[in-house]
1. Where residues in the range 225-251 are assigned to a loop (DSSP other than H, G, I, E, B), touching a Ser or Thr at 6+ places or on another chain (Cβ under 9 Å) and not small (Gly, Ala, Ser), which of them is surrounded by the fewest Cβ atoms within 10 Å (Cβ to Cβ)?
2. Can you tell me which condition Thr467 does not meet? The list is (1) modelled with pLDDT of 95 or more; (2) of a type outside the set (Phe, Trp, Tyr); (3) within 30 Å of Arg300 (Cα to Cα), and all the others hold.
3. Taking the options Ala120, Ala138, Ala44, Ala71, name whichever one is closer than 30 Å to Glu497 by Cα and modelled with pLDDT of 95 or more.
4. Consider the range 318-334. How many of its residues are farther than 24 Å from Lys278 by Cα and surrounded by fewer than 17 Cβ atoms within 10 Å (Cβ to Cβ)?
5. Scan the range 298-324 for residues that are of a type in the set (Ser, Thr, Tyr) and out of contact with any Leu (no Cβ under 9 Å at 6 or more places or on another chain) and jot them down.
6. Collect the residues in the range 252-268 that are outside any loop (DSSP other than H, G, I, E, B), surrounded by fewer than 22 Cβ atoms within 10 Å (Cβ to Cβ), out of contact with any Gly (no Cβ under 6 Å at 6 or more places or on another chain) and of a type outside the set (Ser, Thr, Tyr), keeping them in residue-number order.
7. Inspect all residues belonging to the range 260-283 and state whether any of them is closer than 24 Å to Leu299 by Cα, free of Cβ contacts under 8 Å to residues at least 24 places away in the same chain and within 27 Å of the chain's Cα centre (by Cα).
8. Go through the range 319-365 and give me each residue that's within 29 Å of Thr399 (Cα to Cα) and part of a loop (DSSP other than H, G, I, E, B).
Amino acid sequence: MEQKKISKLRQSGILVHPTSFPGPYGIGDLGKGAYNFIDFLKEAGQTLWQCLPLGPTGFGDSPYQSFSAFAGQPLIISPEKLADLELLSKEDLENIPEWDMDHVDYGPLIIYKTGLLKKAYARFRHTPTILLLDEFRAFCQENEYWLTDYALFMALKDAHDGKAWTEWDSKYKFLTAPAKAAILEELKDSVDYYRFVQYIFFKQWHEFRAYAHAVGIQIIGDIPIFVSPDSADVWANPELFQLDKDGYPTVVAGVPPDYFSATGQLWGNPLYDWEAHKKSHYEWWIRRIRHQLTLTDLLRIDHFRGFEAYWAIPYGEETAVGGQWKKGPGADFFDHILKAFDGSLPIIAEDLGVITPAVKALRDNYDLPGMRILQFAFDDIRDNDYLPYNYIENCVCYTGTHDNDTTQGWYRKASPESQDKVRRYLSCDGRNVHWDFIRLAMGSVAKYVLFPLQDVFGLDSEGRMNTPGTGQGNWTWRYRPEQLNSGTAAYLKELSELFGRNRYSNAERQPELPMAAQPEQTPLPTDKSAENEEVRTS
C-alpha cells in the first residue's frame with residue numbers, strides 16, 4: 001500500500017502506551033487492540049502516536065527503569081500472533097485467566113506471559129520452520145552489538161534468582177572474554193530463549209509499525225537520558241559509567257530541591273563517564289538512538305537538560321540535597337550525533353522544570369522542539385511560558401503527559417484561582433475542560449500537538465498513568481475497546497481540519513461543514529478512592 005503524504009508542519013496525535021491497549025491477555029499487546037487503535041487514529045484524522053519507552057521493565061514496572069536500553073518489552077508480545085506462526089496451539093490460548101480489564105496486575109501477568117513465551121520457544125526449538133529459523137539467525141547477527149550481552153545478562157539474573165548484578169557471584173560481575181564464552185555455552189538454552197523473545201518482539205513490532213506507516217501514522221518514541229543501575233547496559237559497559245571497583249555507582253542522578261520538593265528527587269541511576277563516551281565518539285549513544293529509530297520515527301529524550309548539566313548525588317545519600325551540578329557533554333555530544341545522522345536530529349527535547357538559559361541555548365542551537373504543557377499554563381495564574389500566546393512554532397504542545405493527572409482530574413483539584421483563569425481564558429464553563437484543552441492545543445502555533453488518550457475520553461483521576469514520587473499503583477491503566485467510538489473520531493477529525501492539522505496544507509481549502517457534536521463519554525467503572533489522592537505535579 002502506498003504511504004500517504006502527511007504534513008510535517010502542523011500535526012496532532014495521541015499519547016498512550018501499548019500496555020494500555022485492550023485485549024484478553026491481561027495487558028495491552030501488539031495484537032488486535034493495537035491495530036484497532038491505529039485504525040481509530042486514521043478515522044480520527046490524526047497522524048501522530050506517542051508511546052512511552054519500549055524496554056523490558058523490572059521492579060516497579062516503570063518503562064523508565066528498564067533492563068536494557070535496546071531490548072523490547074516481552075509482555076506486549078501478542079499470543080495470538082504467536083499462534084498464527086504455529087508457535088502456540090489453540091489449546092495454549094484456552095482457559096485464559098479472568099484479568100482486570102481496566103488495570104494491569106503485573107505480578108501474576110509476568111508468570112502467565114512468561115509461561116506462554118517459554119511454550120513458544122520450546123516449539124520453535126524443536127520444530128522450527130525454515131523461514132523463522134533463517135529470520136532468527138539474521139536477527140541475531142544484525143543485533144549482535146547488544147543482543148548477546150542482554151540475553152546473557154537476563155540468563156544470569158535467572159541463575160541468581162533475579163538479584164541485581166552487583167549482588168552476583170564475583171566471577172559473573174566483570175567477565176573476561178574467555179569466561180564470557182564459557183558461560184555463554186553453559187547457559188546456552190537460557191540465552192537463546194532471551195534471543196528468541198527479542199526476535200519475536202521486533203518481528204511483531206516492525207509489522208505493526210509498517211501497518212501504521214501504511215495509513216500515514218508516525219510514531220514518537222521516548223528514551224530516558226539515564227539507564228537503570230540493574231541493566232545489561234551498565235553490566236556490559238562499566239567503563240561508560242561512574243562506578244567503583246565493585247560495580248556500584250559513585251554518584252547517582254536526580255534533581256535538586258525546588259519549589260515542589262524541599263529534598264529534591266533522588267532517582268538513583270548511575271551517571272555517565274562523559275569523558276569515556278567522548279573518547280569513543282559517543283558510539284554507544286549513537287547506536288542507542290539509531291536502534292530506537294528503527295522502532296519509531298521521532299524520539300523524545302527525557303531530562304534533556306542533563307546534557308548541559310546534571311545533578312550528581314553521592315551514592316548512599318538518602319535525599320538529593322547533597323548533590324552538585326556537573327557539566328554535561330553539551331554541544332560536543334550533539335555535534336557527533338548530528339554528524340552520525342547526516343545533519344538531521346529527529347529529537348524532541350523534554351525541557352520541563354527549571355531550565356537555564358544555557359539549556360535553552362543548547363536546545364535552540366540544534367533546532368530541537370521543546371515541550372509545553374497546558375496544565376502548567378494555569379497552575380501559575382501569572383504570565384508564563386506555557387500559555388499558548390507565548391509559544392513558538394517549533395514546540396510540542398501537550399494537554400498533559402503520563403506524569404500529570406488527567407485534565408479532568410487536574411481541573412477538579414486545581415485552585416479556585418486556576419479554575420477561574422481556565423474559564424476566562426477559554427471562555428468555557430469547565431464541564432468539558434478536556435475538550436477545551438484539546439481545542440486550545442490544536443489552535444496553537446505549536447508544530448506538534450499531543451494529548452493523552454485519557455483526555456480524549458474525558459476521564460477523571462482514575463485514568464492517571466503515573467504519579468511521580470510514588471512507588472505503587474502506576475503504569476497500570478488500560479482502556480476498553482468500546483471507548484474508541486466513531487463519535488469521538490469524528491469530533492477529533494473535524495477539530496484537526498478546522499485548525500489546519502494533519503491531512504491538509506493551508507493551500508488546500510476544504511468545504512465548510514458543521515462541527516460534529518462533542519461525543520458522549522462511555523461510562524465505565526471508576527475507582528472513587530482516587531478522588532482523595534494528593535496528585536499535584538511539578
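The values are calculated or read from the model by the stated rules, or taken from the named source; none is laboratory data. Nothing here was measured: the structure is a model prediction, and the numbers come from that model. Every residue, glycine as well, gets a Cβ built from its backbone with ideal geometry; the counts of neighbours run over all protein chains shown.
1. If we take residues in the range 225-251 being assigned to a loop (DSSP other than H, G, I, E, B), touching a Ser or Thr at 6+ places or on another chain (Cβ under 9 Å) and not small (Gly, Ala, Ser), then Asp246 is surrounded by the fewest Cβ atoms within 10 Å (Cβ to Cβ).
2. (1)
3. Result of the check over Ala120, Ala138, Ala44, Ala71: Ala44.
4. Residues that pass the stated criteria total 4.
5. Tyr315
6. Passing the criteria: Asp258, Gly268.
7. Among the residues of the range 260-283, at least one is closer than 24 Å to Leu299 by Cα, free of Cβ contacts under 8 Å to residues at least 24 places away in the same chain and within 27 Å of the chain's Cα centre (by Cα), which makes the answer yes.
8. Ser344, Leu345, Pro346, Glu350, Asp351, Leu352, Gly353, Val354, Ile355, Thr356
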